[in-house]
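**Q** Just dropping this structure here.
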Amino acid sequence: MEDDISISKGIIEQLVEGTIDDDNVDRLLKLPKKDSDRFFTYIEVLQERVSWNDPILLRLSDKLYIVSKGHGKRVTQCECGFEFGDYRTNWKLASKIRTRKTAEEMKAVYDPAPAVPEAGWQEVREYFCPDCGTQHAVEVVPPGYPVIFEMLPDLDKFYADYLGRPLADASEDWYRDRTSETTATWNQ
Ligand SMILES: [Zn+2]
């Protein structure tokens, strides 16, 4: 197949938008080797879709990103621009949280009935951006269960070892969960 078709930015845009056709999906899947610049083309496409200019380092979910704010600052940021803080602290701690605990509350978002979690044993937590109201995550856990930190990526290793382009502010200190440092301040 033609390499220039498989790696064109237009195809990656369609992939992100969900408008890519079956033939092109098939072509991408059958590539003997993924084009080395694919990730950066993908980031370029994402960057054009947001209204701010801080460089996206990684996309965490549909509208949630890890963004570089310059040397020594990497934050989790909503598509709307809201900053959840240092990406090493679970961003959910800075979100608006709705908890569904009763059967009635859970039935409102579950169908059919057998799929509804059992009240008392489980609860549904929904995490929203405080500014734009986007729902970024949902977790179903036993009451009292710690807030799940879904992803703490080793960005320096990813960029240096897998992409071959080390980040300018690389440091051993980046790959460290700092969530407990945040919650420790809540008692003071
Ligand atoms: Zn937002």
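A short reminder: the numbers here are calculations on the coordinates, not readings from a lab. Everything quoted here is computed from the prediction, not taken from an experiment. When we count neighbours, we look across all protein chains shown, and the Cβ atoms used for this are built from the backbone with ideal geometry, even at glycine.
**Q** Could you figure out which of (1) within 16 Å of the ligand (Cβ to nearest atom); (2) without any contact (Cβ under 8 Å) to a residue 12 or more places away in the chain; (3) not polar (S, T, N, Q) isn't true of Ile66?
**A** (2)
**Q** Same structure again: Go through (1) among the hydroxyl-bearing types (Ser, Thr, Tyr); (2) more than 16 Å from the ligand (Cβ to nearest atom); (3) in contact with a strand residue (DSSP E or B) (Cβ under 7 Å, 6 or more places away or on another chain) for Thr41 and report which single condition fails.
**A** It is condition (3) that Thr41 fails.
**Q** Hey, could you check the range 81-100 for residues that are β-branched (Val, Ile, Thr) and part of a strand (DSSP E or B) and say which is farthest from the ligand (Cβ to nearest atom)?
**A** Of the residues in the range 81-100, the ones β-branched (Val, Ile, Thr) are 89, 97, 99.
Checking the rest, the ones that are also part of a strand (DSSP E or B) come to 97, 99.
Working: Ile97: 15, Thr99: 20 Å.
Checking each candidate, the answer is Thr99.
**Q** Return the residues of the range 117-130 that are away from the ligand (no atom under 11 Å from the Cβ) and under 19 Å from Cys78 (Cα atoms); say none if nothing qualifies. Walk me through it before giving the result.
**A** Of all residues in the range 117-130, those away from the ligand (no atom under 11 Å from the Cβ) come to 117-127.
Once the filter is applied, which keeps residues that are away from the ligand (no atom under 11 Å from the Cβ) and under 19 Å from Cys78 (Cα atoms), the range 117-130 yields Arg125, Glu126, Tyr127.
**Q** If I go through the range 131-148 residue by residue, how many of them are surrounded by 12 or more Cβ atoms within 10 Å (Cβ to Cβ), within 16 Å of the ligand (Cβ to nearest atom) and either assigned to a loop (DSSP other than H, G, I, E, B) or more than 16 Å from the chain's Cα centre (by Cα) (or both)?
**A** So the answer is 3.
**Q** Is it the case that some residue within the range 117-124 is surrounded by 14 or more Cβ atoms within 10 Å (Cβ to Cβ), assigned to a loop (DSSP other than H, G, I, E, B) and touching a Lys or Arg at 6+ places or on another chain (Cβ under 9 Å)? Give the steps one after another, and end with the answer.
**A** Filtering the range 117-124 for residues surrounded by 14 or more Cβ atoms within 10 Å (Cβ to Cβ) gives 117, 119, 122-124.
Cutting the leftovers down to assigned to a loop (DSSP other than H, G, I, E, B) gives us 117.
Of the ones still in play, those that are also touching a Lys or Arg at 6+ places or on another chain (Cβ under 9 Å) are 117.
Yes.
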